[in-house]
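The values are calculated or read from the model by the stated rules, or taken from the named source; none is laboratory data. Fair warning: this is a prediction, and the values are worked out from it, not measured in the lab. With ideal geometry, Cβ positions are generated from the backbone for all residues, glycine too; neighbour counts draw on all protein chains shown.
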Amino acid sequence: MTVNELEQSVAQIRESCDAIRTAVSRKIVGQSKVIDQMLVALLSEGHCLLVGVPGLAKTLMVQSLSSALSLTFSRIQFTPDLMPADITGTEIIQDDQSTGHRELEFMPGPLFANIVLADEINRTPPKTQAALLEGMQERQVTVGGRTHALPAPFFVLATQNPIEQEGTYPLPEAQLDRFMFQLQVDYPNAAEELLMVQRTTGTEHQEIDAVFGVEDLAAATAFVRSLPVADHVAQFAIGLARMTRGENNVPASIQRHVSWGAGPRASQYLVLGAKAHALMNGRVTVDFADVIAVAHCVLRHRIRLNYAAQAEGVSTDQIIDQLIEQGISQASQVSHSEQVAEIFKSDNSRSS
């Protein structure tokens, strides 16, 4: 690819992302940061968990995003009586009128769509959650001993209410790790809430036109994968993930508050998310700022705080802020070659 072709591809992807933002803003007021993070996950082929109190338009946000993309969309309202077959599909007996024989035919469930909105995922039993997680990880489902591939691309955007926990089934850590991002949806400010009320209490109805197609998305995700990352940037991302495990000379406060940290999947998502973030901003050079931009989304559901942190009111985002500050401080004190050898120590150097 020539330099001109590279610049044209980057400019086209950036313009497409701007068009998606504009289309979604016709129905969603504010929440620009959350929308950008969702776009980063889509370009990285990752799944998102949206956490926020009721009434913050989490469901409408996902619906609006899907409307801006020429992709099939399906919504699943998770309830305590939902069974795996209700989302994956089931086999039914069909009569073959030409032969008179009966045979089993697979009827796909709502999981067979490009974008799946898993609404209130923590309200359904673990068996159904596991069926969804299989589809997220393997891009396929198993019904009646047969494997059925899910359509490509395939994205799951799940919502979760953090307030009402009675009668819910919290996702275990191993399943939370399948989500690339956990996005925190907060209240709008006063100006945004005023505009929201004005829009939704009148007669005007905004429609969202599709501005991004399947081929465009496939080309963009492939471009993200092909984007190079310098070793020192990748090591910075890896160092953040390893510091959550108590490695690399982390501050004592972090060691005191963190029960266990993020696994290698966090390092992969930090680098992949940084690539997509750089590309969305019209750059092909990934730097520390891109890693920092996605660090909270990648790490907040992969860090388990202990009782000391809960007693002192320390949040996961505060821990991540400390990790970023420590990583930047260390990176600014030594050269990139020394950074690899001294800051981000390997298992062999630690064991010696």
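What to note about this one:
For every residue, the table says whether it meets (1) over 14 Å from the mean Cα position of the chain (by Cα); (2) under 19 Å from V224 (Cβ atoms).
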| position | (1), (2) |
| --- | --- |
| V40 | no, yes |
| S44 | no, yes |
| G52 | yes, no |
| G55 | yes, no |
| T59 | yes, no |
| V62 | no, no |
| A68 | yes, yes |
| T79 | yes, no |
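- Residues in the range 226-263 that are outside any loop (DSSP other than H, G, I, E, B) and without any contact (Cβ under 8 Å) to a residue 24 or more places away in the chain were compared, and the one that is surrounded by the fewest Cβ atoms within 10 Å (Cβ to Cβ) is A252.
- Evaluating E173 against the criteria (1) exposed (fewer than 15 other Cβ atoms within 10 Å of the Cβ); (2) over 21 Å from the mean Cα position of the chain (by Cα); (3) assigned by TED's automatic domain parsing to the domain that holds T59; (4) not aromatic (F, W, Y) leaves one unmet condition, (2).
- Lone qualifier among L50, L43 - being more than 19 Å from L272 (Cα to Cα), hydrophobic (A, V, I, L, M, F, W, C) and either buried (at least 16 other Cβ atoms within 10 Å of the Cβ) or not assigned by TED's automatic domain parsing to the domain that holds R139 (or both): L50
- Scanning the range 112-126 for residues that are surrounded by 15 or more Cβ atoms within 10 Å (Cβ to Cβ) and more than 20 Å from A68 (Cα to Cα) yields a total of 6.
- The residue that is nearest to E325 (Cα to Cα), counting only those in the range 232-279 that are modelled with pLDDT of 90 or more and touching an Asp or Glu at 6+ places or on another chain (Cβ under 7 Å), is V233.
- Subset of the range 294-308 (residues that are in contact with a Ser or Thr (Cβ under 8 Å, 6 or more places away or on another chain) and assigned to a helix (DSSP H, G or I)): L299
- Residues of the range 303-328 that are of a type in the set (A, V, I, L, M) and either touching a Gly at 6+ places or on another chain (Cβ under 7 Å) or in contact (Cβ under 8 Å) with a residue 24 or more places away in the chain (or both): I303, L305, A308, A309, V314, I319, I320, L323, I324, I328.
- Under the condition of being within 20 Å of L43 (Cβ to Cβ) and either in contact with a Ser or Thr (Cβ under 7 Å, 6 or more places away or on another chain) or in a helix (DSSP H, G or I) (or both), the residues counted in the range 129-140 number 2.
- For beta carbons closer than 7 Å, sequence separation of 6+ or different chains, a first residue in the range 107-130 that is under 20 Å from E91 (Cα atoms) and a second that is acidic (D, E) and surrounded by fewer than 21 Cβ atoms within 10 Å (Cβ to Cβ), the qualifying pairs are G109/D86.
- Residue satisfying all of: in the range 145-161; assigned to a loop (DSSP other than H, G, I, E, B) and surrounded by fewer than 12 Cβ atoms within 10 Å (Cβ to Cβ); modelled with the highest pLDDT among these: A152
- Residue match in the range 88-110 (condition: touching a Phe, Trp or Tyr at 6+ places or on another chain (Cβ under 7 Å), on the phi < 0 side of the Ramachandran plot and at pLDDT 85 or above): no
- The set of residues from the range 76-122 being in the same structural domain as L56 (by TED's automatic domain parsing) and in contact with an Asp or Glu (Cβ under 6 Å, 6 or more places away or on another chain) comprises Q77, F78.
- Of the criteria (1) in a helix (DSSP H, G or I); (2) more than 28 Å from A262 (Cβ to Cβ); (3) in contact (Cβ under 8 Å) with a residue 12 or more places away in the chain, which one V197 fails: (3)
- Of everything in the range 302-315 that is buried (at least 21 other Cβ atoms within 10 Å of the Cβ) and modelled with pLDDT of 85 or more, the residue that is farthest from the chain's Cα centre (by Cα) is I303.
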